[in-house]
Structure formats: C-alpha cells, structure tokens
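As structure tokens, the structure follows; a few thoughts come after it.
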Amino acid sequence: MHKLLFFLLLSFSVHPQQSDKVFKDGEQLKYRVHYGILNAGYATLSVSENTKGYHFVGKGWTVGVTNVFFKVRDQYESFVDKNTLAPEHFVRRVREGGFKLSRDVYFDYAKDSARVEDHKLQTTNNYYIENVQDILSAFYKLRSSNIDTMLVGDDVNLDIFIDGDMFPFKLVLLGRELVSSKFGKIPCYKFRPYVQKGRIFKEDESLTIWISADGNKIPIRMKASLAIGSAKMDLTSYSGLVHAFPEK
C-alpha cells in the first residue's frame, strides 16, 4: 500500500517541453488499492490554488484486514511556485505499522539549500540542492509537460530530494495501450519506472503505470509485481478536471 502511494506521487517527474494547463484549483483524484480481490486501501490527490502558488496534497490509508496487519496513514503536502512548480515547502507525515515519521523540508533556491526539520527526532539539517523536486511536486511537474513527443524507449532521468538524499530515478515509455476501467476503455501511455535497487523495491519487483493519453494526463492504473505477490491501484473517482474525461 505505502509503496504504491509513494510511486503514484513519484512516477511522473520532468520533461523539457511545456504543454497546456492540465490541472486546476479543486482537482480531486481517488484510487483504490487492491491485492487480488482484497480491498487494501485508498489514495487521494488534490489541488488547491492561491495568489502565491499551488498546494498539492497526497494521502494514503489502509482499510479492512490490511488495516489490522499493517495500518497505513500517510500524508504528503507540497507548496510550490505557481509559475515554475518548484517546491518551496514539503510536508511528510507517515504512519506505517509501528513506524512514524514527521518531517518538513524548506527549499531556498537563492542559496541552493534545503532545510530538513525532523519533529520526532527534534533535529534540523541543511543540504545542498540544485534543480530538485519533491516527490509530490514532481508528479504535477510532469503532468504539465509534453509527453506526447516521447517515443517508445525514451526515458527521463532525474534526482528527487527525499529526507536529505537525492533519489535516482528513471522513467521509460513502453508504448500505448487501451486500459479497461470503470470509465470505459481509456487510451493510455504505458510507463515503467526504474529506481535504485534496494531503496523502495527489491531487485525482483517491478512497477507499471498507465497515464491517460489526453489533456489531463492522469494516472488510470498502477500495477506492482512484488516479491510476495502483486498489487494494483485503479482510479475510482475524479472531479475538477481541466478537460473532459473520458474524451469522446
């Protein structure tokens, strides 16, 4: 559950050419996470806008039997510049089983630095940064970019700043597919993210993501092949989209 939420936020980073606006104030996306027939949990993504910038919020939580064995209550927030989508303040609140984490990251691009405040450990550390995204702002940065010009096999490489570390990441376009969903058959781009072995996924685990091939560029499905089985995340509801969905 927590891996799928993490990669739902992480898997869409940057591409150099900008396209038309694909999200707006009030957008809401909701996903169901399931292992086979087991309903394991839900994840949501939301957008709000003010005069200074955007506020992105991502949440994930377990339900039912999964809640008994491994309770998850995760929340990520990113406050970004409206024009560049560069993160200014990143919030991470994680509860996964017995593990808890509460951290804030403040970005200072004039000094190429990031200040990480760990509230549980009561520590503050400063790090050198350059052209980074947090895991939530990266998602919206890619959606605002032109992936329509990518060819099969094209990839994007970047580092994302997480808790004081740069996270090496590569996203590869596998092709296009029609995905059957509760909203009908949706034309999608099919992507495969690759991460540094041992950081989030093990060597024998993989992830595939399908993104709507329309003006909204929203994730429709995510499937993770794990060492102990497989899990899937599907879009279940949406509101506040910029463009009509699904396209007629």
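Read the figures in this text as sums done on the coordinates, not as results from a lab. These numbers come from a predicted model, not from an experiment. Virtual Cβ from ideal backbone geometry, glycine too; neighbours counted across all protein chains shown.
Expressed as a fraction of 2.2 N^0.38 Å, the value expected for a compact globular protein of N residues, the C-alpha radius of gyration of the chain is 0.97.
Given +1 at the Cβ of Lys and Arg, -1 at the Cβ of Asp and Glu and no other charges, the dipole of the chain around its Cα centre is 920 debye to the nearest 20. Counting charges near Ser102 (Lys, Arg +1; Asp, Glu -1) among other residues having Cβ under 11 Å from its Cβ returns a value of +3. Positive contributions from Lys and Arg (+1) and negative ones from Asp and Glu (-1), summed over other residues with Cβ under 14 Å from the Cβ of Asp118, come out at +2.
When you filter the trypsin sites (Lys or Arg not before Pro) in segment 138-183 for DSSP loop state and at most 11 other Cβ atoms inside 10 Å of their Cβ, you are left with Lys182. Only helices enter this figure: runs of n ≥ 4 DSSP H residues, each worth -39500 (n - 2.57), summed and divided by the residues of the chain, yield -2500 deg cm²/dmol at 222 nm to the nearest 500. Comparing Lys71, Lys223, Lys185 in a Gaussian network model of the chain (Cα springs below 10 Å), the most mobile by mean-square fluctuation is Lys185. Among the GluC sites (Glu not before Pro) found in segment 107-188, those both in a DSSP coil and sparsely packed, with 12 or fewer other Cβ atoms within 10 Å of their Cβ, are Glu130.
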